[in-house]
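Input: a single structure, listed below in structure tokens.
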Amino acid sequence: MTKKQARDRAYYEERLKRDDPAVYADLKAGKHRTVADAAIAAGLKKARTRLLELKNAWRKANRSEQHEFLKWIRGGVVTPVSASSIAIGGRLIPATCSRISDIMLKRDLKPGDLMNEMGFSRLNASLGNGMKRGWRLQPDLIAAIEKWLKDNDAI
């Protein structure tokens, strides 16, 4: 298997020399602060936005870090855009997983029974995978879970 080429400073500097000598000359003249800035100007690299950085950090965070972040968010700072109250990015939040588990325990339900109650196949393992492994769930399943939680609010 071939080793993946590093996309470091030296790589982009070499690409600038070869593919865009005018931008490389600007870099050497001090018009660009860094090789990365010059690579962005030449179109070899995309600028990283704060949103991209946040998404990257979210994917790298473990479930407890994500939970702490969500608690901080709900503390009045900001409300997540286009996120349901039970899932973000198609993934159930830890509080939702805990609430579903509590109801299932009190009602003596197995995951297949729950899926059947919500109108899905008993053999559909997506809810279990979403709860245990943090897998993304389809929007229709998330909507069904929200309805099921409201229906079982008294439990």
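Within segment 53-71, not a single residue is surrounded by 14 or more Cβ atoms within 10 Å (Cβ to Cβ) and more than 29 Å from the chain's Cα centre (by Cα).
Note on segment 1-32: residues that are under 32 Å from the mean Cα position of the chain (by Cα) and aromatic (Phe, Trp, Tyr) amount to 2.
For segment 104-155, the tally of residues that are open to solvent by less than 30 Å² (accessible area, probe 1.4 Å), in a helix (DSSP H, G or I) and among the hydrophobic types (A, V, I, L, M, F, W, C) stands at 10. Look at segment 125-145: where a residue is closer than 16 Å to residue 88 by Cβ and a partner is open to solvent by 100 Å² or more (accessible area, probe 1.4 Å), sitting 6+ places away or on another chain with Cβ atoms under 8 Å, you get 130/136. Just wondering, is there one or more residues in segment 30-43 that are part of a loop (DSSP other than H, G, I, E, B), of a type in the set (Val, Ile, Thr) and surrounded by fewer than 13 Cβ atoms within 10 Å (Cβ to Cβ)? Yes: segment 30-43 contains one or more residues that are part of a loop (DSSP other than H, G, I, E, B), of a type in the set (Val, Ile, Thr) and surrounded by fewer than 13 Cβ atoms within 10 Å (Cβ to Cβ).
The values are calculated or read from the model by the stated rules, or taken from the named source; none is laboratory data. Since this is a predicted model, take the numbers as computed values, not measurements. Virtual Cβ from ideal backbone geometry, glycine too; neighbours counted across all protein chains shown. Ligands, DNA and RNA are excluded from the accessible area calculation, which covers all protein heavy atoms including side chains. Shrake-Rupley method; radii C 1.70, N 1.55, O 1.52, S 1.80 Å.
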